[in-house]
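Below is one structure; the comments refer to it alone.
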Amino acid sequence: MTIESVKPETPPAVELREPPRAGGGVPVLGHGWKLARDPLAFMSRLRDHGDVVRLKLGPKTVYAVTAPALTGALALSNDFIIAGPLWESLEGLLGKEGVATANGPRHRRQRRTIQPAFRLDAIPAYGPIMEEEAHALTERWKPGETIDCTSESFRVAVRIAARCLLRGDYMDERAERLCVALATVFRGMYRRMVVPLGPLYNLPLPANREFNRALADLHLLVDEIVAERRASGQKPDDLLTALLEATDENGDPIGEQEIHDQVVAILTPGSETIASTIMWLLHMLAEHPEHADRVRDEVLAVTGGRPVAFADVRGLRHTNNVVVESMRLSPAVWILTRRAVRDTELGGYRIPSGADIIYSPYAIQRDPKSYRRNLDFDPDRWLPDRVKDIPKHAMSPFSVGNRKCPSDHFSMAQLTLVTAALATRYRFEQVPGSKDATRVGITLRPHDLRVRAVRR
Ligand code: HEM
């Protein structure tokens, strides 16, 4: 045997390809006008051009990933970090030191701090609050009453997040203020991102004043919550205590700004996403009465007629599938971004260092290449014998990898419980004047959904 014969062969150099350019760009604006005019349709058509495609947004080249497997590869690779215009504008408004925008060692440390509050075995402790809030939501309504789904969904989402993760009775009044502040802040933030008019947002116009007031109140509320917990001297086993006791890489207590930004970074995604999802669930219950009835029947079979409880959630298979299917067709998080930190590749396509990459869970989850009868609302596609036909990463509403949403179990438990409570007590029907068209913002939700609650 010669030395040559055992020498490992150099793998043939893989020729990286330039991603194809998406069609339909126009001079100067590139694809920006299409993305601004109808982002969901635009993102949904991109796969026709390739698995990775180049877009021109003004002078800038942005890469869009359209194939499920490559979105997984992107989310799991260390070659990409959280950065880009979306995150920069979020940081400017919500704070620079929170987990959602951090990278590297700080991000890893922050995840270690918050993770225990979201672990599967931590969720049952939140059960009584989730139950109370789910039933309080339906008990607030009078049969026949028209429900403003936007404010009601925000209310229950903020109350569950605030009461479970930050604890304390004082949360009840604060949760109401948080609702108002967060709803206004999210509305204004999206406007500032898609129409970046810079100094014009400083003009003393009513909309700017309202936005600034809400943003200031959000930060003030968080300061109050932190100060009050400290003054109480109590250390319940919750996320806030974990944040107050967290230490940095050197073992020193983390700074006040980081504590503040962390609370904001958890409350803000936590309420907007859940609220939007509940709005879509109410829409689904109104538009698919046959599925609403199946949910009710399942709940009754499990509970025997008593009020549904947190402990029942595990037995509510169909209700869970209804929630997943609703999230597939109407995902709260519809666009995600990353930035390449080195020259790299995705699916054999060259991605240069510094490139911004986008992908759309909305487009991925509605793709006819991944789903038969892709636009049908069909919760049974999540039954064990059918789910295996769905390609990997074609349904990752909480993402994967090191940025995966910490709250997947927490979210699914409360969404299933709320859906069960809604469907057992009422039938819903949209009322004249309800606007259920999709409103594209930081999340996707119906424009102004209004339903009548009819007692079962
Ligand atoms: C991150 C989805 C609820 C807290 C994420 C990400 C997704 C997501 C897709 C990853 C973003 C990325 O890859 O760039 C959702 C959905 C929810 C939900 C669909 C509900 C329907 C919540 C709740 C909380 C929360 C209830 C907290 C109470 C966070 C945080 C991050 C995050 C802190 C940042 C994690 C990190 O960067 O390490 N979420 N989320 N989310 N989510 Fe959620």
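Taking a ≥ b ≥ c as the square roots of the Cα gyration tensor eigenvalues, with a/c under 1.5 meaning rounded and otherwise prolate when a/b beats b/c, else oblate, which class fits the stretch 102-176? Walk me through the numbers on the way to the answer.
Details: a/c = 2.70, a/b = 2.12, b/c = 1.27.
Prolate.
Under the convention that each Lys and Arg Cβ holds +1 and each Asp and Glu Cβ holds -1, the size of the dipole of the chain around its Cα centre is about 1060 debye. Toward the positive end of the charge dipole of the chain, with +1 on the Cβ of Lys and Arg and -1 on the Cβ of Asp and Glu, the farthest Cα among VAL226, ALA83, LEU417 is that of ALA83. Cross-link partners for LYS60 among the lysines, with Cα-Cα distance under 22 Å and sequence neighbours closer than 8 places in the same chain left out: LYS34.
What does the highest-first list of 153-165, 431-443 look like by mean Cβ count within 10 Å?
Numbers: 153-165: 25.5, 431-443: 15.3.
Ranking the peptides 153-165, 431-443 by packing returns 153-165, 431-443.
Suppose the chain between LEU76 and ALA207 were pulled fully straight at 0.36 nm per residue; how much longer would it get relative to their current alpha carbon spacing?
On the way: separation 131, 0.36 × 131 = 47.16 nm, distance 3.99 nm.
Computed gain between LEU76 and ALA207 is 43.2 nm.
Dipole check for the stretch 174-238: with +1 at the C-beta of Lys and Arg, -1 at the C-beta of Asp and Glu, and the Cα centre as origin, the magnitude is about 240 Debye.
How much FRET efficiency would the formula 1/(1 + (r/R0)^6) give for ASP252 and GLU15, where r is the Cβ-Cβ distance and R0 is 56 Å, rounded to 0.05?
Numbers: r = 50 Å, r/R0 = 0.89.
Given R0 = 56 Å and the Cβ-Cβ separation, E is 0.65.
Extending 7 Å from Cα along the Cβ direction at ARG456 and again at ARG109 yields two label points whose distance is 5.0 nm. Extension gain for the segment GLU173 to ARG342, taken as residue separation times 0.36 nm less the Cα-Cα distance, is 56.1 nm to one decimal. With respect to the chain, whose longest principal axis is taken over its alpha-carbon atoms, helix 256-287 is tilted by about 70°. Would you mind classifying the stretch 18-58 by shape? Square roots of the alpha carbon gyration tensor eigenvalues, ordered a ≥ b ≥ c; an a/c under 1.5 is rounded, otherwise it is prolate if a/b is larger than b/c and oblate if not. Cα axes put the stretch 18-58 in the oblate bin. Among the protein heavy atoms of the chain, carbon and sulfur supply 55% of the accessible surface, probe 1.4 Å, non-protein parts ignored.
Site pair ARG187 and LYS392 shows an inter-label distance of 4.4 nm when each label is modelled 7 Å from Cα along Cα→Cβ. For the stretch 332-389, the dipole from Cβ point charges (+1 on Lys and Arg, -1 on Asp and Glu) about the Cα centre works out to 100 debye, to the nearest 20. Taking the Cβ-Cβ separation of ALA216 and ASP121 as r and a Förster radius of 51 Å, what is the calculated FRET efficiency to the nearest 0.05? Step by step, r from the Cβ atoms, then E = 0.85. Take the Cα of ASP293, go 7 Å toward its beta carbon, and the backbone nitrogen atoms of the stretch 402-431 under 19 Å from that spot belong to 420-430. Working from Cα positions, state the angle (0 to 90°, nearest 10) between the long axis of helix 85-94 and the longest principal axis of the chain. Computed tilt is about 40 degrees.
For the chain, the share of DSSP beta bridges that are antiparallel, to the nearest 5, is 85%. Remark: spin-label model distance THR146-LEU29 equals 3.5 nm, labels positioned 7 Å along the Cα→Cβ axis. Relative to one another, the C-alpha centroids of the stretch 43-105 and the stretch 220-237 are positioned 35 Å apart. Against the chain, whose longest principal axis is taken from its Cα atoms, helix 408-425 shows a tilt of about 40°.
The values are calculated or read from the model by the stated rules, or taken from the named source; none is laboratory data. None of these values were measured; they are calculated from a predicted model. With ideal geometry, Cβ positions are generated from the backbone for all residues, glycine too; neighbour counts draw on all protein chains shown. Please note that ligands, DNA and RNA were not included when accessible areas were found on the heavy atoms of the full protein model with its side chains. Shrake-Rupley method; radii C 1.70, N 1.55, O 1.52, S 1.80 Å.
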